[in-house]
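Structure, as structure tokens:
The values are calculated or read from the model by the stated rules, or taken from the named source; none is laboratory data. Quick caveat, the model's predicted, so the values are computed rather than measured. Virtual Cβ from ideal backbone geometry, glycine too; neighbours counted across all protein chains shown. For accessibility, only protein heavy atoms count, side chains too; no ligands or nucleic acids. Shrake-Rupley method; radii C 1.70, N 1.55, O 1.52, S 1.80 Å.
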Amino acid sequence: MREGRLITFEGIDGCGKSTQSEKAADFLRSKRVDVVLTREPGGTKLAERIRSILLENSNYSISYIAELMLYLASRAQHMQEIISPALSSGKWVVSDRFYDSSIAYQGFARGLDPEKVREFSLFVTKGIKPNVTFFIDVSPEIACERISKNGKSLDRLESESIGFFKKIREGYKWLAESEPNRIVEIDGSETIEQVWAQIETVFLDRFPELER
Ligand code: TYD
């Protein structure tokens with residue numbers, strides 16, 4: 001059986017990647033592709049528990065290296081329980097965030113060495129890389145406006161400053177330049193349907209077998 005495909009969505013908080021990941025999964029299902037929609041940090045019981053440690057506004061500090069290691073631990077479990085088995089059985093996996101988040105957030109924004117973070121990430125994924133990564137680019141100003149409009153209280157990372165999100169965005173831009181074949185930059189400032197139209201075009205271009 002043919003190996004499945006791994007498609008990931010990335011961007012700063014509030015860029016709209018969760019909505020677009022769902023649209024991608026629905027689109028693939030409409031093409032009769034067997035899809036697993038998942039997210040990071042999370043996707044398994046252990047990883048969801050690590051997610052709550054990472055995102056709750058706690059009264060204790062988490063060092064940047066400890067933060068990275070928690071994201072990596074969550075990813076290791078996610079790989080073993082969900083992503084690797086799905087890919088081996090020919091399924092397509094759509095993940096809302098993957099290791100580029102660690103490079104952009106823990107590398108660029110927290111100031112850990114991005115190359116080191118990439119190395120650790122590929123150790124965790126056993127060298128598996130996404131077939132395509134959609135980087136949904138919006139300015140931190142637009143993203144913050146969307147987050148505050150949706151009315152939910154902010155998690156530990158969303159409570160960071162605009163400067164933090166500027167660094168993350170620079171990290172994603174650096175990644176997109178360093179791997180232009182894998183990472184596709186999408187203008188996320190438009191409406192949901194306009195953003196999806198850009199993504200659908202890339203899907204049909206990259207995976208001609210979907211054109212049925
Ligand atoms: P996300 O699922 O986008 O949060 P929400 O469901 O509230 O939109 O991601 C959770 C946060 O974790 C987000 O701020 C990005 C951050 N993150 C990292 O810092 N490093 C990582 O490796 C991952 C996967 C996420």
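Here are some notes:
- Rg in Å to one decimal, and Dmax rounded to a whole Å, for segment 65-105 via C-alpha atoms: 11.4, 35
- Which of Arg97, Arg206 is most accessible, then next, and so on - probe 1.4 Å: Arg206, Arg97
- Among Lys167, Lys149, Lys173, the order of accessible area from largest down is Lys149, Lys167, Lys173, computed with a 1.4 Å probe on protein heavy atoms.
- For the chain, built as a Gaussian network whose Cα springs stay under 10 Å, the top-fluctuating residue of Tyr60, Tyr172, Tyr71: Tyr60
- As a ratio to 2.2 N^0.38 Å, the alpha-carbon radius of gyration for segment 108-170 is 1.38.
- Computed helical MRE - 222 nm, the chain, DSSP H runs ≥ 4 contributing -39500 (n - 2.57), nearest 500: -14500 deg cm²/dmol
- Modelled spin-label separation between Arg146 and Glu56, with each label point placed 7 Å from Cα along the Cα-to-Cβ direction: 2.8 nm.
- Highest average first, the peptides 196-202, 176-182 ordered by how many other beta carbon atoms sit within 10 Å of their residues are 196-202, 176-182.
- Distance between segment 101-119 and segment 159-175 - C-alpha centres, whole angstrom: 11 Å
- Peptide ranges 48-55, 72-79, 21-28 listed from the most packed, as the mean C-beta count within 10 angstrom indicates: 72-79, 21-28, 48-55
- Site pair Ser139 and Glu170 shows an inter-label distance of 1.7 nm when each label is modelled 7 Å from Cα along Cα→Cβ.
- Averaging 1/r across all pairs of distinct Cα atoms in segment 42-201 and inverting the result yields a Kirkwood radius of 16.8 Å.
- Efficiency of FRET from Cβ geometry, Glu3 and Lys129, R₀ 22 Å, rounded to 0.05: 0.95
- Site pair Tyr64 and Glu200 shows an inter-label distance of 4.2 nm when each label is modelled 7 Å from Cα along Cα→Cβ.
- Against the criterion of solvent-accessible heavy-atom surface with a 1.4 angstrom probe, Lys17, Lys166 sort, most first, into Lys166, Lys17.
- If you wrap the tightest convex hull around every Cα atom of segment 146-212 and split its volume per residue, you get 130 Å³.
- Our compactness index for segment 1-92, the C-alpha radius of gyration over the empirical 2.2 N^0.38 Å, is 1.23.
- Charged neighbours of Phe123, selected by a Cβ distance under 12 Å, balance to +3 (K, R count +1; D, E count -1).
- About the Cα centre, charge dipole magnitude for segment 1-50 (Lys/Arg +1, Asp/Glu -1 at Cβ), debye: 220 debye
- Estimated D of segment 72-151 in µm² per second, where Rh is the Kirkwood radius over Cα pairs and Stokes-Einstein applies at 4 °C, 1.567 mPa s: 90 µm²/s
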